[in-house]
Each structure stands twice: as C-alpha cells, then as structure tokens.
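Structure first, commentary second.
Nothing in this text is a laboratory measurement; each read-out follows from the coordinates by a stated rule. Since the model is a prediction, treat every value here as computed from it, not as a measurement. Ideal geometry is used to build each Cβ from the backbone, glycine not excepted, and the neighbour counts take in all protein chains shown.
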Amino acid sequence: MVLFKYRLLIILSLLCVAFDLGGQNFIGMYKDDIAGEVKKRYPGLKLNTNVINHDYKYLKYEDKINEITMLFFLSEDDKCTLVRRMCDYSNINDELAELQSKYKSGGKNQWFYEDGGKKYLVTLEDGEWYFTITTKLKK
C-alpha cells in the first residue's frame, strides 16, 4: 500500500510538472484548436462535459483521478481568453520554482511574460485543498 501511494505521488508530480508553463500559449486559440492541442500535449487529460455552467463558456479537462484540472475560458466566438490550472499542493514547490525561473516577478504570487508581442499575467492563488495558476492577458 505504501508503494502504491509513493508511485501515485510521483505520477501526480510528473503530471503537474508536465504542464510546461513556457510552452505554446492557449490564449487566443479557438476551441477546436485547443481540443487538438490538449490531446497532443497532455494525453492524460480528458474533456469533462458532465458539468454545465450557463454563466461561463469553457472547456474543462481533468486527469483520471481528478487531481489536475485545466479550464480554458472562451469568448462568445470560441476564442480562449484565460487559462486556469488547479493542482494538488504536493506540487507547489516545483510549480513555484518553475514560475520564478521562467517569468519576471510582479510581486507576491504574480509573474509577467511576453509572447508574440503581447504581455501576460500569471497568478498563483492558494485554495483550501489545491492551488490555482491563472494566465491571462495583462491589462
């Protein structure tokens, strides 16, 4: 049983770290392009269509054990405007190290970067059971 828990922890850590923060930016991509790109880059994530929220238009992807969730919020014309990734706290140190190494710090739990001439804001928010990393265009 201990070996199983250890292996599970390693798999979860690898999955969360596998989300390359400096990779292709999903913001500005269309819904169909996001689906294809997620399938290629993150084969462990599957689209979850069980929950419908009529206030927001989004795509929700989860791993098999629901430890990692990615939300792609969409505009009326199905373009991604914001990406939100929720992850278990067992990965917080690795994620913080990656954020600090790839982006310019903008204060506590905030980072900035440029891609394609546009500036983006990345924030880390603490939750009770998980933390959230949000990427959006900087205003």
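When each of the peptides 104-111, 30-37 is scored by the mean number of other C-beta atoms lying within 10 Å of its residues, the order from highest to lowest reads 30-37, 104-111. Rounded to two decimals, the Cα-based Rg/Rh of segment 18-139, with Kirkwood Rh, is 0.94.
Taking every C-alpha pair closer than 8 Å and separated by at least 6 residues, the mean separation divided by the residue count of segment 19-139 gives a relative contact order of 20 percent. Among 42-48, 130-136, the peptide with the highest mean count of other Cβ atoms within 10 Å heads the list, and the full ranking is 130-136, 42-48.
Evaluating 6.51 cos²θ - 1.76 cosθ + 1.60 at θ = phi - 60° for every residue in segment 87-96, the Karplus couplings come out as 9, 5, 5, 4, 9, 4, 5, 5, 5, 4 Hz, glycine and proline recorded as x.
For segment 71-139, the relative contact order works out to 31 percent when only alpha carbon pairs closer than 8 Å and six or more residues apart are counted.
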